[in-house]
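J.: Mind having a look at this structure? Questions to follow.
The values are calculated or read from the model by the stated rules, or taken from the named source; none is laboratory data. Note that this is a predicted model, so its numbers are computed, not measured. Heads up, the Cβs are rebuilt from the backbone with ideal geometry, glycines too, and the neighbour counts pull from every protein chain shown. Side chains are part of the model used for accessible areas, which takes the heavy atoms of the whole protein and leaves out ligands, DNA and RNA. Shrake-Rupley method; radii C 1.70, N 1.55, O 1.52, S 1.80 Å.
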Amino acid sequence: MSESVRVLFVCLGNICRSPSAEGVFRNLVTEQGLADKIFIDSCGTADWHTGKSPDSRSIEAAGRRRIDLSGLKARQLQSNDLDTFDYVLVMDRSNLADVRDIWRQNGGTEPKLFLEFGRSNEVEVPDPYYGGGEGFEHVLDLIQDASEGLLEHIRGKLA
Ligand code: 4NP
C-alpha cells in the first residue's frame, strides 16, 4: 500500500531535534506496523548543516534507546514542503514564526508546535545544541511523549 500520511519535523539546524523526532517517530510507527502508511522526514529552517549527519550527541543519546539516527542527512526546508506534507511539526516558537512566514506567502499546510500532541505542559522542545548531555535526554523524553500522541491522532485518521 502506498504511504498515505506525510509527516515533516522541523527545527533550526536539522542536526539535533528534528532528526531525533524523525528517528523516534519512525521507530514507533514501525513497531506498530504502520511504516507503509506514514512517510516521515525532517529538515531545518537554516541551511548551515545541509548534507551533514546528526550531532554526535543526538546519535549517542538516541542510540542508548536503540534508535539509529546515523544514516540521516540534514536538509533545509523548502517552501513546497508545505504543499507536499500533511503535518509540518516544529520544535519551538522561533521555528513556528519562521515557518509561518513561509506559510503566509506560500499557503499549504499550516505549521504546528509538535508538543501540541504531547501530554506534558511543555510547549517547546528546547534547543540542546549549546547545552550539556542531559539536554539531549530531555529532548528525547519530550519527543517520545509527543510521538505517542501524534501516532494516536494519525491512527484515528487512518481508521
Ligand atoms: P537543532 O539544533 O535546531 O535542534 O538542529 C541546532 C543545531 C545547530 C545550531 C543551532 C541549533 N547552530 O547554531 O549551528
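J.: Quick one: Gly107 ticks every box in (1) open to solvent by less than 50 Å² (accessible area, probe 1.4 Å); (2) closer than 24 Å to Ser58 by Cα bar one, so which box is it?
T.: (2)
J.: When the residues of segment 136-159 are narrowed to those that are open to solvent by less than 20 Å² (accessible area, probe 1.4 Å) and within 14 Å of the ligand (Cβ to nearest atom), which ends up nearest to Lys37 (Cα to Cα)?
T.: Pass one, segment 136-159, residues open to solvent by less than 20 Å² (accessible area, probe 1.4 Å): 136, 139-140, 142-143, 146-147, 149-151, 154.
Narrowing further to those that are within 14 Å of the ligand (Cβ to nearest atom): 136, 139-140, 142-143.
Details: Phe136: 29, Val139: 26, Leu140: 24, Leu142: 24, Ile143: 21 Å.
My answer is Ile143.
J.: Still on this structure, I have one more. Can you tell me how many residues within segment 32-45 are open to solvent by less than 40 Å² (accessible area, probe 1.4 Å), among the hydrophobic types (A, V, I, L, M, F, W, C) and either within 16 Å of the ligand (Cβ to nearest atom) or part of a loop (DSSP other than H, G, I, E, B) (or both)? Steps first, please.
T.: Pass one, segment 32-45, residues open to solvent by less than 40 Å² (accessible area, probe 1.4 Å): 34, 38, 40-45.
The next check asks that each one be among the hydrophobic types (A, V, I, L, M, F, W, C); those that pass are 34, 38, 40, 43.
Keeping just the survivors that are either within 16 Å of the ligand (Cβ to nearest atom) or part of a loop (DSSP other than H, G, I, E, B) (or both) gives 34, 43.
Summing the residues that are open to solvent by less than 40 Å² (accessible area, probe 1.4 Å), among the hydrophobic types (A, V, I, L, M, F, W, C) and either within 16 Å of the ligand (Cβ to nearest atom) or part of a loop (DSSP other than H, G, I, E, B) (or both) in segment 32-45 gives 2.
One line per residue, one yes/no per condition, for (1) open to solvent by 10 Å² or more (accessible area, probe 1.4 Å); (2) over 13 Å from the mean Cα position of the chain (by Cα); (3) over 21 Å from Leu151 (Cα atoms):
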site	(1), (2), (3)
Thr30	yes, yes, no
Asp47	yes, yes, yes
Arg57	yes, yes, yes
Arg65	yes, yes, no
Ser79	yes, yes, yes
Tyr87	yes, no, no
Ala97	yes, yes, yes
Ile102	yes, yes, yes
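J.: In addition: Can you name the residue in segment 1-28 that is open to solvent by 30 Å² or more (accessible area, probe 1.4 Å) and assigned to a loop (DSSP other than H, G, I, E, B) and is also nearest to the ligand (Cβ to nearest atom) among such residues?
T.: Initial filter on segment 1-28 (open to solvent by 30 Å² or more (accessible area, probe 1.4 Å)): 1-4, 6, 12, 26-27.
Now restrict to residues that are assigned to a loop (DSSP other than H, G, I, E, B): 1-4, 12.
On the way: Met1: 32, Ser2: 30, Glu3: 25, Ser4: 28, Leu12: 3 Å.
Restricting to residues being open to solvent by 30 Å² or more (accessible area, probe 1.4 Å) and assigned to a loop (DSSP other than H, G, I, E, B), the top hit is Leu12.
J.: Could you list all residues from segment 92-128 that are within 20 Å of Ile38 (Cα to Cα) and not in a helix (DSSP H, G or I)? I'd like the intermediate steps shown before the answer.
T.: Narrowing segment 92-128 to residues within 20 Å of Ile38 (Cα to Cα): 108-118.
Passing the criteria: Gly108, Thr109, Glu110, Pro111, Lys112, Leu113, Gly118.
J.: Residues in segment 61-68: is at least one assigned to a loop (DSSP other than H, G, I, E, B) and hydrophobic (A, V, I, L, M, F, W, C)?
T.: To start, the set of residues in segment 61-68 that are assigned to a loop (DSSP other than H, G, I, E, B) comprises 64-68.
Add one more test, that the residue is hydrophobic (A, V, I, L, M, F, W, C), and what stays is 67.
Within segment 61-68, one or more residues are assigned to a loop (DSSP other than H, G, I, E, B) and hydrophobic (A, V, I, L, M, F, W, C).
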